[in-house]
Amino acid sequence: MWNNMKKGKILLVLGAIMVLIGFMSFVGSKDDVQTREQLGEKLFFDPILSGDNTISCASCHKPAFAFADTAVFSKGIKGQLTARNSPGLTNLSGRPHLFWDGRASSLEEQALGPITSAAEMGLPIEDAVKKLNDNKFYADAFQKIFKSAPTKDNLLKAIASFERTLETSNSPYDRYVNGDDHAISESAARGRLLFIGKAACNNCHSGEDFTADRFKSIGLYNGKDLNDPGRSAITKSKTEEGEFKIPGLRNVALTAPYMHNGKFKTLKEVVEYYNNPSLVVKDGINRDLALDKPLNLTNAEIDDIVEFLKSLTDDRFKQKLASN
């Protein structure tokens with residue numbers, strides 16, 4: 001009887017192993033890409049798109065941090081630093097403006113920028129296409145998925161297709177607004193009321209992804225030590241000096257440091273700045289009039305707003321949030 005039980009256990013284990021092997025064969029290896037999204041994901045993590053094969057998109061957009069960087073400025077090819085902080089990439093589908101200055105109007109156009117930037121990935125697009133055509137895996141993959149050899153157009157489409165999968169809508173906040181009163185803490189619930197009330201954050205951070213998709217100057221430009229003109233460098237309009245794209249706030253607790261120049265290390269520092277911008281930057285040019293008067297938030301209210309912002313973190317990043 002004991003031998004029969006032992007044999008039965010062995011057969012059960014062997015059967016489980018065979019099922020696992022069969023499943024793995026079905027889903028294929030990481031190299032077995034079947035869709036534009038999968039091909040774009042592989043390209044996103046592959047340093048083949050940099051001039052010296054050392055930098056990938058993921059070097060500056062780290063998945064664990066909602067595809068943002070943890071450095072003030074990211075390191076590009078040959079150790080060069082980016083001019084601005086690398087923002088997160090979640091929830092960008094359908095955004096009319098991309099990059100801090102809004103110079104791109106589609107994810108395809110956005111994907112082109114870092115690849116060809118001399119300070120970032122440093123690879124002319126013609127060279128990128130040639131490298132992919134000379135690589136048997138990519139030549140075969142593009143042929144299978146696009147029915148074409150790698151081109152500038154389908155390269156950018158693949159990366160953009162992957163980036164469109166980075167939508168998040170499964171946070172404690174989402175469960176709270178869908179009727180679960182216990183999904184967020186009492187502090188976060190108070191913070192939400194402050195966010196839409198006394199602090200008036202939702203004047204700019206509105207909608208499903210907490211962005212009005214506009215440009216604002218919050219006073220972080222003075223033409224001296226704070227000398228990034230933002231949107232006006234693109235439009236050549238003096239009235240837009242110091243304006244930057246209003247970022248969405250989903251997963252914002254993971255994307256420190258904050259602002260285009262990484263000036264603030266924590267969310268608390270961000271809220272403290274908005275509470276009274278003049279205490280931090282006295283000579284900000286073109287600062288939005290809504291920021292002229294202090295909000296007069298108490299320390300407890302600032303903490304509540306921070307807790308609310310943390311509740312916007314998608315469940316896929318929950319473990320990383322807990323370790324922050």
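Throughout, read-outs are computed from the coordinates displayed, never taken from laboratory work. These numbers come from a predicted model, not from an experiment. Cβ sites come from the backbone with ideal geometry, for glycine too, and all protein chains shown count toward neighbours.
Past 27 Å, Cα to Cα: identify those pairs from 78/263; 236/293; 42/152; 42/236; 75/144, in the order given.
The pairs that break the limit, which is 27 Å between Cα atoms, are 236/293; 42/236; 75/144.
Calculate the dipole size of segment 53-187 relative to its Cα centre from +1 charges on Lys and Arg beta carbons and -1 charges on Asp and Glu beta carbons; express the result in debye to the nearest 20.
Details: 15 positive and 16 negative charges, 119 e Å.
That gives segment 53-187 a dipole magnitude of about 580 debye.
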Along the positive direction of the dipole of segment 172-323 (beta-carbon charges: Lys, Arg +1; Asp, Glu -1; about the Cα centre), which of 187, 297, 255 reaches farthest? 255
Just order 132-139, 289-296, 184-191 by mean Cβ neighbour count inside 10 Å, highest at the front, would you? 184-191, 132-139, 289-296
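Relative to the compact-globule scaling 2.2 N^0.38 Å, provide the ratio for the alpha-carbon radius of gyration of segment 207-260.
Working: Rg = 12.4 Å, N = 54, 2.2 N^0.38 = 10.0 Å.
Cα Rg divided by the expected 2.2 N^0.38 Å: 1.23.
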Expressed as a rounded percentage, what relative contact order does the chain have, with Cα pairs under 8 Å and six or more residues apart? 19 percent
Among 169-182, 253-266, how do they line up from the highest to the lowest mean number of other beta-carbon atoms within 10 Å? 253-266, 169-182
Given Cα pairs under 8 Å that are at least 6 residues apart, what percent is the relative contact order of segment 42-182? 20 percent
For residue 81, what residues show an amide H to amide H distance below 5 Å, using hydrogens built from the backbone and excluding near sequence neighbours? 76
Segment 100-173 to segment 193-263: how many Å between their Cα centroids? 26 Å
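What dipole magnitude, in Debye to the nearest 20, does the chain give about its Cα centre under +1 on Lys/Arg Cβ and -1 on Asp/Glu Cβ? Spell out each step's value before the answer.
Numbers: 42 positive and 41 negative charges, 135 e Å.
The calculation lands at about 640 debye.
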For the chain, find the longest principal axis of its Cα atoms and tell me its angle to the long axis of helix 152-163, 0 to 90°, nearest 10. 80 degrees
Rounded, prolate or oblate: which one fits the chain, using the alpha carbon gyration tensor with axes a ≥ b ≥ c (rounded when a/c is under 1.5, else prolate when a/b beats b/c, else oblate)? oblate
Computed helical MRE - 222 nm, the chain, DSSP H runs ≥ 4 contributing -39500 (n - 2.57), nearest 500: -12000 deg cm²/dmol
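Take peptides 220-228, 193-201, 305-313 and line them up by average Cβ neighbours within 10 Å, highest first, as a rough protection proxy. List each step's numbers first, then the result.
Details: 220-228: 15.2, 193-201: 16.8, 305-313: 23.8.
Highest to lowest by the protection proxy: 305-313, 193-201, 220-228.
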